[in-house]
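The values are calculated or read from the model by the stated rules, or taken from the named source; none is laboratory data. Only a predicted model underlies this, so the values are computations on that prediction, with no experimental measurement involved. Counting neighbours? That spans all protein chains shown, and the Cβs are built from the backbone with ideal geometry, glycine included.
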Amino acid sequence: MRKMLCVLLVLALLCAFAGCEKEEDDRRDRRETEEEPVVTKAAEPNPWVVCLDPGHGGKWTGAVYFGRNEKDIVLQLSNEIRAYLNEHYPDIKVLLTREDDTVFSTDLGADLRSRVEFAKNNGASILISIHLNASNEHNMRGTMVCISKQPNINGTSIELANALLAKTESLGLRNRGYETRNSNDTFDDQGVPVDYYAICRHGASLDIPAVILESCFMDNEGDYAYVADSAALKKLAAAEAEGIAEFLMSHFPKDEAKETEED
Ligand SMILES: [Zn+2]
């Protein structure tokens, strides 16, 4: 009987932590095996280089609804964002952490760390991890952005989040705002909890603003309509791309652009 109660208690705790996204565990990683991210190329960040990270991939499907995997939709969405930026903002260079289903590592912690290292090593000024959301009751809607609370990248991450949210909101998606989430079991040298999400946590370590863009909830028809086919995806991608371009142009002074209209 006592064993049964323990099992029920553990299940209840698991449900309580299931929070904003059902598949949140594969955005976190296992802290006990975590190694510090490393910069190998020491590339100077270029304001006009943006790294997009299509979430999940490989054995990690992400959320699965309407017969489709989150990992496939976000790869397509990331490709559309890049295509839009290439066409309308040729000065912005876009990198993707994965071009197909191949991920850096089959170890979750190593894989998430490698995605941030890839962005940093290639001189990106920002990293946006592209995801779709899902909720327990399948009734939540809108866009939200998870950001780091660490002071070195928090301010820039808020700016980036707001630029993205304004554009998706203008498309008709509810603006759920941005949020930070602390680890409940891991602390830095000063005893301050680190970021819960690996992308944000490693972004703070490597000093690159890294945010998780939960574009919409894919588990209800209302929001799924925004990713249901390639025409819808293109519209969502255009909105997110405009958010990225607006952020870059407002955040970095014009004279930092590598090329001007002069030449
Ligand atoms: Zn996801």
> Among the residues of the stretch 175-233, how many are under 26 Å from Ile126 (Cβ atoms), assigned to a strand (DSSP E or B) and aromatic (Phe, Trp, Tyr)?
Replying inline: 2
>> For the stretch 213-224, check the following and say yes or no: at least one residue is closer than 24 Å to Glu44 by Cα and crowded, with 19+ Cβ neighbours inside 10 Å.
In response: no
> What pairs come up if the first residue lies in the stretch 235-252 and is in contact (Cβ under 8 Å) with a residue 60 or more places away in the chain, the second is among the polar types (S, T, N, Q) and assigned to a helix (DSSP H, G or I), and their beta carbons are under 6 Å apart, counting only those six or more places apart or on different chains?
Replying inline: Ala239/Thr168
> Could you give every pair whose Cβ atoms fall below 6 Å, whose first residue belongs to the stretch 52-76 and is under 20 Å from Ala241 (Cβ atoms), and whose second residue is surrounded by fewer than 19 Cβ atoms within 10 Å (Cβ to Cβ) and hydrophobic (A, V, I, L, M, F, W, C), counting only separations of at least 6 or pairs across chains?
Replying inline: Leu52/Leu96
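Yes or no, residue by residue, for (1) surrounded by fewer than 21 Cβ atoms within 10 Å (Cβ to Cβ); (2) within 14 Å of Val38 (Cα to Cα):
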site	(1), (2)
Pro90	yes, no
Thr106	yes, no
Gly109	yes, yes
Val116	no, yes
Asn121	yes, yes
>> Can you confirm whether Ser170 is among the small types (Gly, Ala, Ser), more than 16 Å from the ligand (Cβ to nearest atom) and touching a strand residue (DSSP E or B) at 6+ places or on another chain (Cβ under 7 Å)?
In response: no
>> Condition (residue is farther than 24 Å from Leu233 by Cβ and either in a loop (DSSP other than H, G, I, E, B) or of a type in the set (Asp, Glu) (or both)) applied to the stretch 152-159: is it met by at least one residue?
In response: yes
>> Which numbered condition in (1) at pLDDT 95 or above; (2) crowded, with 22+ Cβ neighbours inside 10 Å is the only one that Ala198 fails?
In response: (1)
>> Every residue in the stretch 69-88 that is of a type in the set (D, E, K, R) and surrounded by 18 or more Cβ atoms within 10 Å (Cβ to Cβ), please.
In response: Glu70, Lys71, Glu80, Arg82
> What strands (runs of 3 or more DSSP E), lying completely within the stretch 20-135, carry at least 3 residues that are away from the ligand (no atom under 16 Å from the Cβ), under 19 Å from Ile153 (Cβ atoms) and modelled with pLDDT of 95 or more?
Replying inline: 46-54, 124-133
